[in-house]
Amino acid sequence: MRLLRYYKKSVKVEALTTLLLLAATITALLIYNSPLKSVYNYVLDDIYIMKDFSIHTFINDFLMSIFFLVAGLEIKSEILYGNLSSFKKATFPVVASIGGVLVPALIFIFINRNSPFLSGFCIPISTDIAFAVGVFILFSNMFNPALKVFLLSLAVVDDLISIMFIAIFYSLDINFTYLIFAFLILLTLIIANKFFKVESIIYYLLSGICLWYFIHLSGVHSTISGILLAIAIPSKSYSCRQSVLERMQRILVPINNLFIIPLFAFANTGISLTYNIDLTEARPLYMGIILGLCLGKPIGIMLFCYLGNLFRIIEKPKDISWSDIFFVSLIAGIGFTMSIFVSELAFIHNLTIVNIAKTAILISSVISISISLLTIFVYVCIGKFRNKTTNLVNKY
């Protein structure tokens with residue numbers, strides 16, 4: 001999740017994030033399928049930072065809360081000032097995102113309607129902005145800059161929907177006492193922002209840790225605390241040159257992109273490439289994920305955009321062609337980070353099924369990237385053919 005304003009400013013950070021993600025994933029796969037597997041498992045699962053918090057749990061529950069805080073800050077920024085700030089600006093990427101969420105989920109549900117894996121229907125609904133933007137950057141000079149804005153807006157709405165689904169479907173037994181404490185902390189933060197004009201980043205971060213703690217104890221997934229904290233962060237500057245939101249983004253976006261996301265990938269892509277079970281039993285699971293991401297995403301985005309434009313519910317931007325939208329729909333099928341995160345939640349007590357789901361996510365990402373590159377190759381060949389034809393016509 002790379003956050004719109006900073007993506008526009010720094011292509012280097014985007015490319016580096018993608019490279020780090022790839023390196024972390026490949027390294028984890030190599031280690032896990034080597035004699036070092038026991039060391040990998042020991043470091044992540046047997047070394048505890050505090051009671052009930054292994055390094056793996058710390059990464060998935062605490063560091064990923066920062067990931068969601070950054071996502072929440074970006075969503076807030078886009079809703080207030082960016083490409084989601086007006087109905088006209090927001091409708092096209094919002095409708096595209098809804099299609100890109102509903103169709104993959106329906107495909108997964110249909111395939112798994114009679115299987116025990118139905119709880120994983122949220123796995124294929126997300127887009128990994130890091131990988132998606134990384135692929136886009138490789139060919140950005142071939143497309144209108146407005147297409148990148150569309151891709152980022154689409155991914156931001158995807159994130160928002162995924163976060164809502166995590167809060168609704170993947171929370172455990174709720175302890176309302178701790179939830180009330182968390183609500184009181186959130187209320188205090190909002191009051192500090194709106195009435196006392198508090199602009200201390202340290203205050204909001206320390207309060208955010210308390211918010212995270214009580215959300216964690218309440219049974220609601222603790223990463224939701226990142227989104228709640230983002231809601232309370234001041235978006236306007238009262239006495240400083242920049243708002244708390246802007247200053248927090250400046251600090252957290254590099255940490256998130258260059259450290260947390262690659263670390264999460266390393267800790268969660270240690271996947272065995274050999275299984276001692278009959279994979280036919282898990283066929284609905286991996287087929288639902290692969291078809292949901294590789295087919296459902298592009299079909300959903302294209303279908304909803306086309307029908308919305310046809311019935312004048314939305315209007316396609318004039319500087320973006322249908323072939324451009326098709327390319328974005330293909331790279332939107334790279335679920336990776338969020339999909340892996342959801343798979344951990346959906347099948348939390350079954351490591352074998354989690355590994356199969358992660359393998360399907362990796363395969364889906366490779367397929368989506370390959371199809372995107374193939375599409376670009378065809379696009380370039382057609383462009384060269386047209387140029388040669390035009391030159392021949394002009395010559396004679």
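The values are calculated or read from the model by the stated rules, or taken from the named source; none is laboratory data. Owing to the predicted nature of the structure, the values given are computational and were not obtained by experimental measurement. Ideal geometry is used to build each Cβ from the backbone, glycine not excepted, and the neighbour counts take in all protein chains shown. Areas reflect the complete protein model, heavy atoms only, side chains present, ligands, DNA and RNA absent. Shrake-Rupley method; radii C 1.70, N 1.55, O 1.52, S 1.80 Å.
Of the listed peptides 35-42, 84-91, what is their order by residue-averaged count of other C-beta atoms within 10 Å, with the highest listed first? Kindly include the intermediate steps, with their values, before the conclusion.
Values: 35-42: 11.6, 84-91: 13.8.
Descending mean neighbour count gives 84-91, 35-42.
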Report the dimensions of segment 129-232 along its three principal axes from the alpha-carbon atoms, largest first, rounded to Å.
-> 54, 36, 17
What are the radius of gyration and Dmax of segment 243-384, computed over its Cα atoms and given in Å?
-> 18.7, 55
Normalised per residue, the volume of the convex hull around the Cα set of segment 302-344 (Å³) = 89 Å³
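Could you pull out the pairs from 88/197; 148/236; 76/318; 194/236 whose alpha carbons sit more than 20 Å apart here?
Long pairs (Cα-Cα over 20 Å): 88/197; 148/236; 76/318.
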Do any trypsin sites (Lys or Arg not before Pro) in segment 308-372 lie in a loop, going by DSSP, with at most 15 other beta-carbon atoms within 10 Å of their beta carbon, and if so which?
-> 312, 318
Rank these by accessible area, largest first, 1.4 Å probe: 210, 305.
-> 210, 305
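Which value, in Å², gives the accessible area per residue of segment 285-336 when a 1.4 Å probe is used on the protein heavy atoms?
Values: 2190 Å² over 52 residues.
Normalised by residue count, the accessible surface of segment 285-336 is 42 Å².
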Given the alpha-carbon gyration tensor of segment 179-327, what are the semi-axes of its equivalent ellipsoid in whole angstrom, ordered largest first, with each equal to the square root of 5 times an eigenvalue?
-> 38, 28, 17
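Give me the tail of P(r) for segment 20-90 as a percent: Cα-Cα pairs with distance above 17 Å.
Working: 1599 of 2485 pairs.
When every Cα pair of segment 20-90 is considered, 64 percent fall beyond 17 Å.
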Which percent of the accessible area of segment 1-159 is formed by carbon and sulfur heavy atoms (probe 1.4 angstrom)?
-> 71 percent
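Can you tell me the accessible area per residue over segment 84-177, all protein chains present, probe 1.4 angstrom, in square angstrom? Can you show the working numbers first?
Details: 3870 Å² over 94 residues.
Result: 41 Å² of accessible area for each residue.
What number, in nm² with one decimal, is the all-direction average of the projected area of the convex hull of the alpha-carbon atoms of segment 64-217? All intermediate terms of the calculation are to be shown ahead of the outcome.
Details: hull surface 48.2 nm².
Approximately 12.1 nm², given one-decimal rounding.
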Could you name the aspartates and glutamates whose alpha carbon sits less than 13 Å from that of residue 89, not counting residues in the same chain fewer than 8 places away?
-> 78, 315
Accessible area, probe 1.4 Å, largest first, for residues 57, 177 | 177, 57
Translational diffusion coefficient, Stokes-Einstein: compute it for the chain using the Kirkwood radius over C-alpha pairs as Rh, at 20 °C and 1.002 mPa s, and state it as an integer in µm² s⁻¹.
-> 97 µm²/s
